[in-house]
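Here is the structure we will look at.
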Amino acid sequence: MSEKDPVVSAETHSWWEQVKASFKTPLGMIGVGITTVFFVLSVLGLIAHTAGMVKNPYAAIITVFLFPVGMLFGLLLIPVAVFMGRRKMFAGSLTKEGFTINLGNALHRKVILLFLVLTVVNISLFATVTSEGYRFMDTPAFCGLVCHTAMAPEYTAHERSPHANVACVECHIGPGIGGFLKAKFSGLRQLKGVLTGDYNRPVPTPVAELPPAALTCEKCHSQEKYFGDIKKTFVKFSNENQEKPEIQNIMLHLGGRDPVTDSIKGIHWHAGHGIRIDYQPLNDKRTKIGTVKVTRADGTLKVFMTGAKGQDSTLPWRRMDCTDCHNRPTHIFDDLAAKVDAGLASKKIHPEIPGIRQDSLTVLQKRYGSREKAASEIVRDLKTLQEKRNGADFAAKNDKAIADSGAFLQQAYLENIWPAMKVTWGTYKSQIGHQQAEAGYGCFRCHDEEHATKSGETITQDCGLCHKEPE
Ligand code: HEC
Ligand code: HEC
Ligand code: HEC
Ligand code: HEC
Ligand code: HEC
């Protein structure tokens with residue numbers, strides 16, 4: 001059959017013409033138009049995105065989500081238009097029987113080839129852009145900035161922490177498809193919360209769905225690392241003495257598995273090495289701990305309880321891991337007094353100005369209502385306090401030193417306080433050590449001499465257990 005065959009060519013003509021006609025309905029044209037525009041935008045967006053030119057996360061969302069979705073929408077309109085015009089298509093000489101594809105026909109071949117090429121191009125582009133979108137969803141910029149207000153405290157703290165280069169998903173999402181799906185489902189719920197403004201302020205902690213440390217922390221930090229003793233220095237000033245600090249050096253028995261003696265000892269004894277500690281929290285915050293069970297590598301079990309029978313709790317048992325001590329490995333918020341003292345020690349707060357420690361504490365505890373207001377008023381407020389305390393002459397003479405000190409306080413405020421999220425000094429406390437013991441945080445939740453076995457052995461608070469007596 002040649003193309004010149006009059007019957008076939010009339011049929012062919014009407015076949016293609018009719019399909020084309022259905023494209024040319026307003027709906028079909030809109031479909032083609034939308035597809036073309038978003039195709040071009042997707043290509044440009046992808047180039048800009050991979051070249052790292054898209055810095056703003058909202059712009060990134062548009063380039064890697066909105067553009068390809070727009071393209072898909074346009075593409076879908078085309079078959080819809082053809083479908084809606086199907087009656088017209090068969091109104092002329094074309095019959096349903098004549099609507100066959102004939103590979104011997106050059107025009108048919110061309111149309112099919114065009115269709116295949118366009119499909120491959122569209123699918124490749126769509127796949128590339130969506131995988132870029134998927135990758136982008138794993139970046140801290142997405143997690144931290146998209147839910148702008150809700151995640152701002154955690155994002156900011158993460159950015160200035162030792163884990164700044166570790167993506168949120170490394171700690172918050174377990175590996176594999178299970179972890180991914182779980183995260184996306186709770187992500188959708190959270191997104192709904194963020195969109196409707198219906199979420200907790202501050203974001204509650206501990207995180208109920210945090211994967212076990214074996215799947216996160218231990219991917220990078222081996223349990224087998226031996227630390228031995230490490231020295232930590234604590235520098236404290238007082239309002240009475242802001243020039244000479246009290247310095248405490250403590251040697252922490254961090255331990256782990258000693259590679260020479262192969263014994264497991266010290267603070268890192270709890271985590272791994274065949275030792276298993278399970279405990280039953282008495283409240284959601286885990287600030288009160290009930291029964292504690294220790295299973296050693298040789299299978300021996302020790303049960304520590306408070307009171308003769310232990311306390312009842314309906315909360316699920318928890319297996320102790322790294323995050324029961326390292327609950328703030330990356331969202332590290334400062335302690336108010338420690339931050340001011342660090343300012344004095346580094347002389348960013350000028351220690352020679354009388355009363356500056358107390359005034360700093362006052363300014364940092366003032367309720368500004370918003371971060372913007374705090375940023376614009378902290379330096380002025382410090383000056384006002386200093387004028388009252390030391391007189392206008394003194395304040396004028398030391399204007400620069402007071403302004404510099406104020407600048408440090410302003411930064412300290414912006415790193416720690418989010419009024420809109422109800423995050424302030426002490427909202428998120430650390431479990432390391434016992435500085436927050438009164439609030440129920442830290443080692444003394446178990447090491448309180450009250451958790452005891454039937455034979456009267458306690459989880460000890462003997463100072464020498466964890467560190468040498470402070471010098
Ligand atoms: C090094 C591991 C790690 C990384 C990286 C990390 N987090 Fe966390 N995150 C934690 C731990 C541990 C907690 C506290 C868990 C607990 O107490 O149960 C936490 C808690 C949170 C909380 C609950 C509120 C709070 O402060 O306790 C939010 C929200 C959060 N993270 C968001 C993020 C975001 C957003 C990022 C990325 C910008 C991120 N996290 C990166 C480990 C991490
Ligand atoms: C993707 C790898 C990775 C993951 C996951 C990870 N860390 Fe880290 N962690 C690091 C790196 C890198 C450092 C910095 C090491 C350095 O500079 O010495 C670090 C540092 C630390 C430090 C020392 C901080 C300091 O003040 O110097 C602690 C403690 C720590 N990580 C605990 C954790 C805990 C707990 C988790 C799980 C919640 C975790 N890490 C998850 C890579 C990781
Ligand atoms: C019983 C509490 C506890 C547990 C459990 C624990 N740690 Fe620690 N870890 C500490 C303390 C205390 C320090 C000392 C640093 C400090 O005081 O800030 C420390 C320090 C570290 C450091 C930094 C050491 C340095 O040189 O500064 C790393 C890294 C670390 N831990 C990782 C882990 C990992 C990974 C796990 C889980 C396998 C874990 N820790 C479990 C209490 C604990
Ligand atoms: C969930 C309860 C719990 C918490 C929280 C806890 N511990 Fe322990 N710790 C135990 C138990 C149980 C033992 C073992 C007691 C025994 O068998 O005599 C222990 C033993 C120890 C030992 C001795 C290990 C050895 O044999 O050399 C050290 C050191 C220690 N803990 C330090 C800490 C430090 C530091 C913290 C806080 C950062 C802390 N613990 C938090 C339950 C806890
Ligand atoms: C269960 C382990 C443990 C026991 C028991 C313990 N400490 Fe500590 N202590 C720690 C850890 C861990 C730190 C480091 C905290 C940090 O890194 O912020 C610390 C820090 C300190 C500091 C410096 C922190 C500060 O803000 O001053 C002092 C002082 C101190 N301990 C005194 C004591 C005394 C006194 C005792 C005995 C009653 C004792 N500790 C018992 C684990 C323990």
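If a spin label sat at a point 7 angstrom from the Cα of residue 43 along the line to its beta carbon, the backbone N atoms of the range 118-160 nearer than 17 Å would be those of 118-130.
Extending 7 Å from the Cα toward the beta-carbon at both residue 117 and residue 387 defines two label points whose distance is 7.7 nm.
Direction-averaged projected area, Cα convex hull, the range 417-471: 5.4 nm², rounded to one decimal.
For the range 281-416, the relative contact order comes to 20 percent (Cα pairs under 8 Å, sequence separation of at least 6). Across the range 336-421, C-alpha contacts under 8 Å between residues 6 or more apart give a mean separation that, scaled by the residue count, equals a relative contact order of 38 percent. Multiplying the residue separation of residue 99 and residue 23 by 0.36 nm and subtracting their alpha-carbon distance yields 25.7 nm. Available extension along the chain between residue 221 and residue 131 is 29.5 nm, counting 0.36 nm per residue and deducting the alpha carbon span. Between the range 301-329 and the range 430-461, the C-alpha centres lie 11 angstrom from each other.
Shown here for the range 80-157: chymotrypsin sites (Phe, Trp or Tyr not before Pro) in loop regions (DSSP other than H, G, I, E, B) with at most 16 other Cβ atoms within 10 Å, namely 90, 99.
Based on alpha carbons, the Rg and Dmax found for the chain are 33.1, 108 Å. Note down the relative contact order for the chain as a percent, whole number, built from C-alpha pairs under 8 angstrom at least six residues apart. It rounds to 13 percent for the chain. Rounded to the nearest 500, the helix-only mean residue ellipticity at 222 nm of the chain stands at -15000 deg cm²/dmol, with each DSSP H run of n ≥ 4 adding -39,500 (n - 2.57).
Coupling constants for the range 375-382 follow from the phi torsions by the Karplus curve (6.51 cos²θ - 1.76 cosθ + 1.60, θ = phi - 60°), and in residue order they are 4, 8, 10, 4, 4, 4, 5, 5 Hz; glycine and proline get x.
Full extension of the chain between residue 370 and residue 231 yields a length gain of 46.2 nm, computed as 0.36 nm times the residue separation minus the alpha carbon distance. Remark on the range 84-163: Rg and Dmax equal 25.5, 74 Å (Cα only). The label point for residue 186 and the one for residue 138, both projected 7 Å from the Cα toward the Cβ, are 1.9 nm apart.
Distances between placed amide hydrogens fall under 5 Å for residue 290 paired with 280, 282, all partners being 5 or more residues away or on another chain. Karplus-derived 3J(HN,Hα) values for the range 430-435, using 6.51 cos²θ - 1.76 cosθ + 1.60 with θ = phi - 60°, are 8, 8, 6, x, 9, 5 Hz; glycine and proline are entered as x. Solvent exposure of the chain, expressed per residue, is 59 Å² of accessible area, with all protein chains present and a 1.4 angstrom probe. Note on the range 6-137: along the principal axes its Cα atoms extend 60, 29, 17 Å, ordered by decreasing extent. Between residue 251 and residue 317, the simple spin-label model (points 7 angstrom out along Cα→Cβ) gives 3.8 nm. Computed over the range 366-471, the percent of Cα pairs more than 22 Å apart is 58. Taking 12 Å as the cut-off, the amide N atoms of the range 330-354 that come nearer than this to a point 7 Å along the Cα-to-beta-carbon line of residue 361 belong to 336-341. Would the range 196-336 count as rounded, prolate or oblate if I go by the C-alpha gyration tensor, calling it rounded below 1.5 in a/c and otherwise prolate when a/b exceeds b/c, oblate otherwise? Oblate, because a/c is 1.5 or more while a/b does not exceed b/c. Near residue 272, no amide H atom lies under 5 Å from its own; only residues 5 or more places off or on other chains count, and H is placed 1.01 Å from N.
Karplus-derived 3J(HN,Hα) values for the range 235-249, using 6.51 cos²θ - 1.76 cosθ + 1.60 with θ = phi - 60°, are 10, 10, 10, 9, 4, 6, 10, 9, 10, 10, x, 8, 10, 10, 9 Hz; glycine and proline are entered as x.
The values are calculated or read from the model by the stated rules, or taken from the named source; none is laboratory data. Model, not experiment: these values are computed from the prediction. Because the Cβ atoms are built from the backbone with ideal geometry, glycine has one as well, and the counts that use them run over all protein chains shown. Keep in mind that these areas ignore ligands, DNA and RNA; they rest on the heavy atoms of the full protein, side chains included. Shrake-Rupley method; radii C 1.70, N 1.55, O 1.52, S 1.80 Å.
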